[in-house]
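Below is one structure; the comments refer to it alone.
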Amino acid sequence: MANGTFYPYALFMESVIEGLINFETDIFFMMLVDATYVPNQDVHKFKSVISGEVNYSGYASGGMQLPISTVSYTMTTKTLTIGASDLQWPLVTFPLPGARYGVVYDSFTKDGSGSDVAKPLVGYVDFITPQVVTDMAFNVNWPATGMLSLKLP
């Protein structure tokens, strides 16, 4: 199992406001990338800027579909929570340099192009260290608090 911290891209909120992301209807994916990708929370907005996608046994290009399980708002804590299903790549081999980040993106393109330059990024999981596995399952499990929690002041 991969442990890590989820970091939203700052421009993901802009994408939500622009109507590019809809957590209730769009289809999301997590793609795995190696350490050649350097996340930039302030600038990265679309999948086209992502580099270093892994190309290993048991992993399909583009990653794995990430079902959004809940979108809920709690008035008492003023928190919007987006829950997602845990992911499992059942039998994979990730030799060095391994998988360093899991990047979450929306596969829906508002312009209908299907192009990576129109697929908005949501955030990424920093696995802290490269994940190197041999002929085993690779899991990404979300905390009980959800994939993403946004709290109002």
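Counting 0.36 nm for each residue step from SER72 to THR25 and taking away their Cα separation leaves a gain of 15.5 nm.
Among (i) 169; (ii) 124; (iii) 109, which is the computed volume of the Cα convex hull per residue in Å³? Correct label is (iii). In terms of its alpha-carbon gyration tensor, the range 81-153 comes out oblate; a/c meets the 1.5 threshold, while b/c is at least as large as a/b. Annotation: extensible slack from THR145 through THR5 equals 49.2 nm (criterion: 0.36 nm per residue apart, minus Cα-Cα distance).
Which whole-number percent gives the relative contact order of the range 5-151, counting Cα pairs below 8 Å spaced six or more residues apart? Relative CO of the range 5-151 lands at 33 percent. Residue exposure proxy: MET64, MET75, MET30, ordered by other Cβ atoms within 10 angstrom of their Cβ from fewest to most, comes out as MET75, MET64, MET30.
Stretched out straight at 0.36 nm per residue, the stretch from ILE17 to GLN88 would grow longer than its current Cα-Cα span by 22.5 nm. In plain terms, the residue of LYS119, LYS110 with the fewest other Cβ atoms within 10 Å comes first and the most crowded comes last, giving LYS110, LYS119. Close amide H pairs (under 5 Å, H built 1.01 Å from N) link ALA35 with ARG100, residues at least 5 positions away or on another chain.
Amide H to amide H distances under 5 Å link TYR124 with TYR7, TYR9, VAL104, where only residues 5 or more positions off or on other chains count and H is placed in the peptide plane. By the count of neighbouring beta-carbon atoms within 10 Å, fewest first, VAL49, VAL133 end up ordered VAL49, VAL133.
Every number in this text was worked out from the coordinates using simple rules, so none of it is lab data. Just so it is clear, the model here is predicted, and its values are computed rather than measured. Here Cβ is always computed from backbone atoms with ideal geometry, including for glycine, and neighbour counts include all displayed protein chains.
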